[in-house]
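What follows is a single structure, written as structure tokens, with notes after it.
The values are calculated or read from the model by the stated rules, or taken from the named source; none is laboratory data. For clarity, every value in this text was computed on a predicted model and none was experimentally measured. So basically every Cβ, Gly included, is an ideal-geometry build from the backbone, and we count neighbours across all protein chains shown.
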Amino acid sequence: SVNPDLASERQTASFSVEKLTVWLDGGVENTRTRRAVVEAIESDPVFSRENQYFQSQNERYEAAVRKAVHLQKKMHEMGWTENGPEYKYIYRALAGDVAFLLHRIFVRSISMLGSDKQIAKWIPLASQYQLIGSYAQTELGHGTYLQGLETTAVFDSTTQEFILNTPKISAMKWWPGDMGRSATHTVAFAQLYIQGKCYGVHPFIVQIRSLRDHSLCPGITAGDIGPKMSFEHADNGFLLLQGVRVPRENMLSKFCEVQPDGTYVRWGSQKINYFTMTSVRISLLSDEVIMPTMKACTIAIRYSVVRRQSKLKPGEQEAKILDYQTQQEKLLPQLAAAYAFYFINDYLQELFDNGYKEIQKKNFDMLPELHAFSSGFKAVVTQHCTSAVEICLRACGGHGYSLLSGLPSLYTKILASCIYEGENTILLLQTARFLIKCFMAASAGQPVPPSVTYLAAVKPRRCPAKNKLDFLSPDIYTEAYQHMAARLVSSTAAKLQDLIQSGVKKHDAWNQCTVQLAQASKAHCHYIAVKNFAETVEKLQTQAGIQEIMKHLCDLFALHGIFSNAGAFLHDGYLSGAQMDMVTASYLDLLPIIRKDAVPLVDAFDFTDRSLNSALGSYDGHVYQRLYEWAQKSPTNKQMSPAYEKYLKPLLHNKLSKL
Amino acid sequence: AAAMAMMNADLRRERAAATFQTELLTHILDGGAERTRRRKEIEALVLNDPDFQHEDLNFLSRSERYEQAIRKSSLMVMKLREYGIADPEEIYWFKSFVHRGRPEPLDLHLGMFLPTLLTQATPEQQDRFFMPAWNLDIIGTYAQTEMGHGTHLRGLETTATYDPATQEFILNSPTVTSIKWWPGGLGKTSNHAIVLAQLYTQGQCKGLHAFIVPIRQLGTHEPLPGITVGDIGPKFGFDEIDNGYLKMDNYRIPRENMLMKYAQVEPDGTYVKPVSDKLTYGTMVFIRSLIVGDSARSLSRACTIAIRYSAVRHQSELKPGEPEPQILDYQTQQYKLFPLLATAYAFHFVGAYIKNTYHRISGDISDGDLSELPELHALTAGLKAFTSWTANAGIEECRMACGGHGYSRCSGIPDIYVTFTPSCTYEGENTVMMLQTARFLVKSYTQVTSGQQVTGMVSYLNDLSRQRIQPQHVAARTVTVRINDPASLVEAYKARAARLVEAAAKNLQAELNHRKSKEEAWNRTSVDLVRASEAHCHYVVVKLFTAKLSEVSNAAVRAVLTELCLLYALYGISKNTGDFLQVGILTDAQITQVNQSVKELLAIIRPNAVALVDSFDFHDVHLGSVLGRYDGNVYENMFEWAKKSPLNKTEVHQSFHKHLKPMQSKL
């Protein structure tokens, strides 16, 4: 039976939850496939996450390896393949708690960067798990800035080998997943030297552990980098190379090759490398960032209708905490953002698919725009979602702090996404470079990609809204965002020009404007997100049942952004002080409206209890009972703590009373 | 070893270039050179004591961490008495060095159980309980929070029903939600608890009262019949603490176990009301002032780590062809870290102010003058929330500013974060705290509009009634805001607070005029009310920081503190431009100027950044961070640290034989 406080929320839903779920999945067929995959995984005890919160790092790692091995068997049994429709739901069902993710990157990098011969040799070995791969790029001293890597690979023409070395401590490979304990091979990135000349960073396949007994190969020092904030299941590793020799054929050579006599030959375009990064950034958003945010919203919102605290009206029962305006103001904007970013993900995916088609026709025109979008949105979405999950955590008060709520592990995992695959500040500045370039081009009347044509039309304007209801018009708020983004880009461009004209060197001028440049990039992405949300709602005309609630969420997402960033909209008088008061009023009016549908809106995400793995967020709402039962399972309650015999007993028995 | 003793060249250069003496600033933070000397003396007592050494806690399981903490706490109590350390602040230092800034299992015993006995037990009860507790025959905790109830105390459900026949109280946990949940030291450590329960006598509920409840058998430490007690399981942090649960089933305790200094139950069950007890206000003010200080310290630790590491880490290029620069030279990195550094200093001074004011007022309590207490109570509620929210977010920014390595536990920042973040919830949930301050602000505003004067930090509201804020009036005043003058910025913050308090009060009135109930009107205005409180607290912080400047006698130190104060105030404006623009406290042009000044200040502060964190004077052992080491030898020590990881205990991990090898042979 369901807790009556949750049951009553579901009775008053203004829309069909199942309809919304199907629409989010992109069709009833997808919903069916997803549920079947989730069911198959969750009913298999090997994949259980029941004891996850009580396990040590060693136990988590072992479980992740066991699951990864079992998954191969499972896929075979179920007839799932890497190209099948089920594949994308497997990872979601496992909630990421599985080893060999870097093995996949190993495979992907060989397929993308290897010659046909290399692919023919390594890919079958890897897909049969005859070897386990990793991907060693980041070093102790270098991350996002690849040119700075210090590992060296020197060509020795007498033996036809490369000699790999870690010349100093900061050059040690550091962080690669699966490398600390599991991997037998890795793709290591190193500066290539031929006859004393440096040719830049290149990838090399290096064996690091024996295929027989898993011991380290000669010249290799490798191990685990120690405990982290999360990712206990992953053996992020270090790797030190001392005179390690690999055959000439182990340099991945789709685009360049070292010939037997030491001649360096380059062919083809390396632009495709950017495309790999773009694809990784887009694909991580859905599984690693948006899903966890939706889970956090589900947990926090369900708990907020079960938890009662204090009284709203004298004499009545204590109120559900979701009935407090301040609680609504914490959680509902995060819910709206989860939807907004879910739609942005679709948008980016479409952009990416179109780009891919063009690239296959050897047309690279879309690359800069794709690269700018994927960088900017990776930064904006990861940052926004990380803070959203933290808000959910803190909105659950003390119980949110218990690992059993599920929220701390969601948080510690999502926050790593702000750093991996490109540090966010650096990514925002890459987007800014694109925006400034387009702005200059547009001002000079040259053609620019359609997504940025708005930059050409910067002029002083005023918002036409007359009353608070006007701010529920997508045209009004989308235009406000557009104006704000265009203003920030154009004023930063002007500032850059001023500095350069006054004699400041270009790179100095750039560094002096980076704070504003990052803000301009965020504004641009925020504008696109609002516009895309509004257009998504527009297209829902055939689905009247869900269009209305999606419209409310879109309004909330847009107005929350204006409310919490008021200065940027007021700055040049685009909005007046009186209009800002209207925005605030409309924004606060939306909270109780969405409040009514809050539980159905998270139910529609359709997470099973097992996948939430939360004592606070389960579907039936029996929060306290579950919290109590789960706590009993804690190892701390299984036996008398050794601390009692060793320390407490002597302490309690008069060792001190003489003092 | 000789190489390890050397200081990283970048850090050496940074320190040589500082424009002020770091010790002088340390003395200001400690409250005088003598306090600094004494702090270091106590620090040395702990750090040179082999009994307090142990393996890096990052590599221990939760159970092992608890065990280490218990071991150290027992020693700590003995040694404190051996050394004769009795001053509360000195005890705090000692404890903080022993446990390296982490909580410990006896916290509740020392910090709540013993003091509650002192303030709420009768002399007879003190005879029975205090000395055994002082000698740790009795280890106690303070069990207030329940699974279903936290900040809202009246909702607690545990009952204590008086039975005159046996002269006992019968304690019960009638529902799952009434199970005591969270108290520190309850799960495994304590054998007694002070339990808060609804008192029933002669068929009537008399509200919450405190009872001394034995929970474990002396000698065997087994739970007593009728008591179910245990650990609540793993948490985000606080691994050293056995936060516990407690369920009582018809559990009887003698009548004399109710704390009866104030309220009493007589043998026949007659209830005697307490005389009013304003002192509980005092305790809350005191604990919240500790949290404000803790916000400052935790943020200072995170800043120390992030700024030192940013001076050691080199990345990318600023100028084509030149070596990779220190990441602290990037404007975006300065923009992340320096406002937080300024905030840490601001909060230090706010914490010191509350502590001093509290001591001054509690001096008055014996003379019976408690008139300032309500304002201080209202102010500390808001400041507790304001500073802990800001520090919480700031610690995370520091971590992220350290890139990937910040995410490793060797950075120390994950630990600072998980230890600090619950302070947003405990001792009063932050949103509820903000609304308490708002209640006081609205009350003051109402007083002013009805013609009375208010005093203290809210006296700016008096100006509202004299010269009603009209847009044009305020606009006329804008020219007088000088953005490079802290005193003038205090006025700007004051105007913002006044406007937001007035707006919230008017919105509240408008809701009331719609014939909403008082509570509903309050709820429908609460987002505005929280904003008003935040603006008020922000003003208080800017004001106190500015006031501190004139107390600094050394010119070089005053100069650098003035820069930090300006950065704090201007950055706050740039992050809240909407509030200042909307009613014309500042113009568009001034906001542009503010943004420009912020960037100029970043460059001005840059040469002193490392010296400014050195002044916080955290010992490496206390800091617990490889990235933040004083000598800056980061990378070699990260490698040394990683080698000790539990996954590295054996060269080939057991999972190879168990899982990997069988798979490889099968496929």
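A few notes on this one:
- Of the helices (runs of 4 or more DSSP H) lying entirely inside region B:22-128, the ones with 3 or more residues being farther than 27 Å from A:Ala643 by Cα and more than 14 Å from every other protein chain (Cβ to nearest Cβ) are found at B:22-30, B:33-47, B:88-98, B:114-120.
- Test: residue in region B:415-428 that is charged (D, E, K, R), crowded, with 24+ Cβ neighbours inside 10 Å and under 26 Å from B:Gly150 (Cα atoms): no
- B:Pro174 meets all of the listed conditions (1) more than 15 Å from B:Phe211 (Cα to Cα); (2) within 11 Å of chain A (Cβ to nearest Cβ) but one, namely (2).
- Selection count where residues are in contact (Cβ under 8 Å) with a residue 12 or more places away in the chain and either under 18 Å from A:Ile132 (Cβ atoms) or within 11 Å of chain B (Cβ to nearest Cβ) (or both), scope region A:75-90: 1
- Taken across region B:503-523, residues that are touching a residue at least 12 places away in the same chain (Cβ under 8 Å), hydroxyl-bearing (Ser, Thr, Tyr) and either closer than 30 Å to A:Leu312 by Cβ or more than 14 Å from chain A (Cβ to nearest Cβ) (or both) do not occur at all.
- Checking A:Ala338 against (1) buried (at least 23 other Cβ atoms within 10 Å of the Cβ); (2) farther than 30 Å from A:Arg394 by Cα, the condition it does not meet: (2)
- Remark: A:Gly226 matches the filter, which requires a residue to be over 22 Å from A:Ala126 (Cα atoms) and not assigned by the TED database to the domain that holds A:Glu288.
- Filtering region B:339-360 for residues that are in a loop (DSSP other than H, G, I, E, B) and under 25 Å from the mean Cα position of the chain (by Cα) leaves an empty set.
- Residues satisfying the stated conditions in region A:123-151, i.e. within 26 Å of the chain's Cα centre (by Cα), part of a helix (DSSP H, G or I) and modelled with pLDDT of 95 or more: none
- In a residue-by-residue description of region B:556-564, the property of being under 23 Å from B:Tyr335 (Cβ atoms), away from chain A (no Cβ under 14 Å) and not aliphatic (A, V, I, L, M) applies to at least one position.
- Restricted to helices (runs of 4 or more DSSP H) entirely inside region B:592-667, those with at least 2 residues that are buried (at least 22 other Cβ atoms within 10 Å of the Cβ) and within 31 Å of the chain's Cα centre (by Cα) are B:609-614, B:634-643.
- For region A:503-544, the set of residues classified as more than 14 Å from every other protein chain (Cβ to nearest Cβ), free of Cβ contacts under 8 Å to residues at least 24 places away in the same chain and not in a helix (DSSP H, G or I) consists of A:Gly503 only.
- Considering only residues in region B:138-161 that are out of contact with any helix residue (DSSP H, G or I) (no Cβ under 7 Å at 6 or more places or on another chain) and part of a strand (DSSP E or B), the one that is farthest from B:Leu106 (Cα to Cα) turns out to be B:Thr161.
- Subset of region B:241-257 (residues that are basic (Lys, Arg) and crowded, with 18+ Cβ neighbours inside 10 Å): B:Lys247, B:Arg255
- Extreme residue, farthest from B:Asn48 (Cα to Cα), among residues of region B:613-667 that are at the interface with chain A (Cβ under 8 Å from one of its Cβ atoms) and polar (S, T, N, Q): B:Gln664
- Of all residues in region A:414-460 being part of a helix (DSSP H, G or I) and of a type in the set (D, E, K, R), the one that is farthest from A:Glu139 (Cα to Cα): A:Lys437
- Any hit, region A:555-577, residues being among the charged types (D, E, K, R), touching a residue at least 24 places away in the same chain (Cβ under 8 Å) and either away from chain B (no Cβ under 14 Å) or buried (at least 20 other Cβ atoms within 10 Å of the Cβ) (or both): yes
- Among (1) of a type in the set (D, E, K, R); (2) touching a helix residue (DSSP H, G or I) at 6+ places or on another chain (Cβ under 8 Å); (3) modelled with pLDDT under 95, the one test that B:Lys661 misses: (2)
- Among the candidates A:Ile205, A:Ile225, residue that is more than 14 Å from every other protein chain (Cβ to nearest Cβ) and crowded, with 18+ Cβ neighbours inside 10 Å: A:Ile205
- Residues of region B:240-267 satisfying the condition of being among the aliphatic types (A, V, I, L, M), closer than 30 Å to B:Ser74 by Cα and part of a strand (DSSP E or B): B:Leu246, B:Met248, B:Ile253, B:Met258
- The set of residues in region A:206-228 being in contact with a helix residue (DSSP H, G or I) (Cβ under 6 Å, 6 or more places away or on another chain), closer than 16 Å to B:Ser655 by Cβ and assigned to a loop (DSSP other than H, G, I, E, B) consists of A:His214 alone.
- Failed condition for B:Tyr142, given (1) under 19 Å from B:Asp231 (Cα atoms); (2) surrounded by fewer than 21 Cβ atoms within 10 Å (Cβ to Cβ): (2)
- Members of region B:390-434 that are within 8 Å of another protein chain (Cβ to nearest Cβ) and not in a helix (DSSP H, G or I): B:Ser408, B:Thr425, B:Tyr426, B:Glu429
- Hits in region A:305-330 (condition: more than 11 Å from chain B (Cβ to nearest Cβ), over 12 Å from A:Pro592 (Cα atoms) and in a helix (DSSP H, G or I)): A:Val305
- Candidate set: region A:123-145, residues that are within 10 Å of another protein chain (Cβ to nearest Cβ) and β-branched (Val, Ile, Thr); chosen: the one farthest from A:Arg281 (Cα to Cα): A:Ile132
- Filtered residue count, region B:213-232, keeping only those that are buried (at least 19 other Cβ atoms within 10 Å of the Cβ), out of contact with any Lys or Arg (no Cβ under 9 Å at 6 or more places or on another chain) and touching a residue at least 40 places away in the same chain (Cβ under 8 Å): 2
- Any hit, region A:370-378, residues being among the aromatic types (Phe, Trp, Tyr), modelled with pLDDT of 95 or more and in the same structural domain as A:Ile528 (by the TED database): yes
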